[in-house]
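Down below is the structure, laid out as structure tokens.
Throughout, read-outs are computed from the coordinates displayed, never taken from laboratory work. What you see is a predicted model, and the numbers here were worked out from it, not measured in a lab. Here the Cβ is made from the backbone with ideal geometry for all residues, glycine too, and neighbour counts use every protein chain on show.
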Amino acid sequence: MHDSALALAVAAAAVPAAFPGVPSQYRGFPRVDFSLDGCPCTVVMPRHELPGRPWIWRAEFFDAFPQIDLALLAEGFHLAYMNVGNTFGCPSAMRHFDVFYEAMTGTYGLAAKPVLEGLSRGGLYVYAWGAAHPDRVLCILGDNPVCDFKSWPGGRGTGPGSPRDWAKLIGDYGFASEQAALDYGGNPIDRLEPLAAHGVPLIHLCGDADEVVPYPENTVILAERYRRLGGAIDVLVKPGQKHHPHGLEDPAPAVRMILDVWNGRPLSGTTRVL
């Protein structure tokens, strides 16, 4: 093949495929919905994408408190979501996530390292997938995230838990008994070493009066352990705020941190009260 023809062929092969599915609009941005690996999926495209095609991968509750997602779309990020059901980051959910990641980064050409966004129980998903693939994570954004399922839905701390979700979690993980779930060593607070070893920055937004996913039992423990491992975590504390509302009324502080990480700038590694 002539050199120029070879160059054209290589360039054509490098062009990512267009996202499949049914087109629509999401709050003023182009959206497509499709099925992958038996799961409903959604991708929202920015009007003007950033070079390198960064993306934020929301693990749960698409369109719930989307201020940060919308601000990142406006900055040029893609937004992606795969609905694996209410399965608490269990191993079968992670296998679906593996398929989704390969499609997003391979077939459709998004950046190799997404922002993983875990809102509430979504924290279980993003930390499970991130700990298994720390080389594929730009940063983790936790929003009042569950960091230990003994706290929620197990209710083994100060919060009430959720008995129905706890029973479902035990089944989804395939635990032989409730005690096996309580003895499990794979919660986010337990699997931080791979993330710290790969220098993955963490950003948490937390209400310090969260009555559902108590802040001291979740983010406080995770942040202390991550910092002892040499990891960088910024925590933005919303004083007096409960589990709802999530997000930030003004998403700028979180967006700035994510853009800093995308541009190779370090986090401050501090806990700040907003």
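Couple of notes before you dig in:
- Only residues that are part of a loop (DSSP other than H, G, I, E, B) and farther than 30 Å from LEU248 by Cα were counted across segment 166-209, and they come to 6.
- Taking first residues from segment 33-57 that are over 23 Å from ARG95 (Cα atoms) and partners that are small (Gly, Ala, Ser) and part of a loop (DSSP other than H, G, I, E, B), the Cβ contacts under 7 Å between residues at least 6 apart in sequence or on separate chains come to PRO46/GLY76; HIS48/GLY76; GLU49/GLY76; LEU50/GLY76; GLY52/ALA111; ARG53/GLY109; ARG53/ALA111.
- Filter pass, GLU217 being touching a Ser or Thr at 6+ places or on another chain (Cβ under 9 Å), surrounded by fewer than 17 Cβ atoms within 10 Å (Cβ to Cβ) and in contact (Cβ under 8 Å) with a residue 40 or more places away in the chain: no
- Selection within segment 241-255 - small (Gly, Ala, Ser), out of contact with any Phe, Trp or Tyr (no Cβ under 6 Å at 6 or more places or on another chain) and more than 14 Å from ARG272 (Cα to Cα): ALA252
- Flag for GLY85 being in contact with a helix residue (DSSP H, G or I) (Cβ under 8 Å, 6 or more places away or on another chain), part of a loop (DSSP other than H, G, I, E, B), surrounded by fewer than 16 Cβ atoms within 10 Å (Cβ to Cβ) and on the phi > 0 side of the Ramachandran plot: yes
- The residue of segment 102-132 that is farthest from the chain's Cα centre (by Cα), among those that are surrounded by 18 or more Cβ atoms within 10 Å (Cβ to Cβ) and free of Cβ contacts under 8 Å to residues at least 40 places away in the same chain, is THR105.
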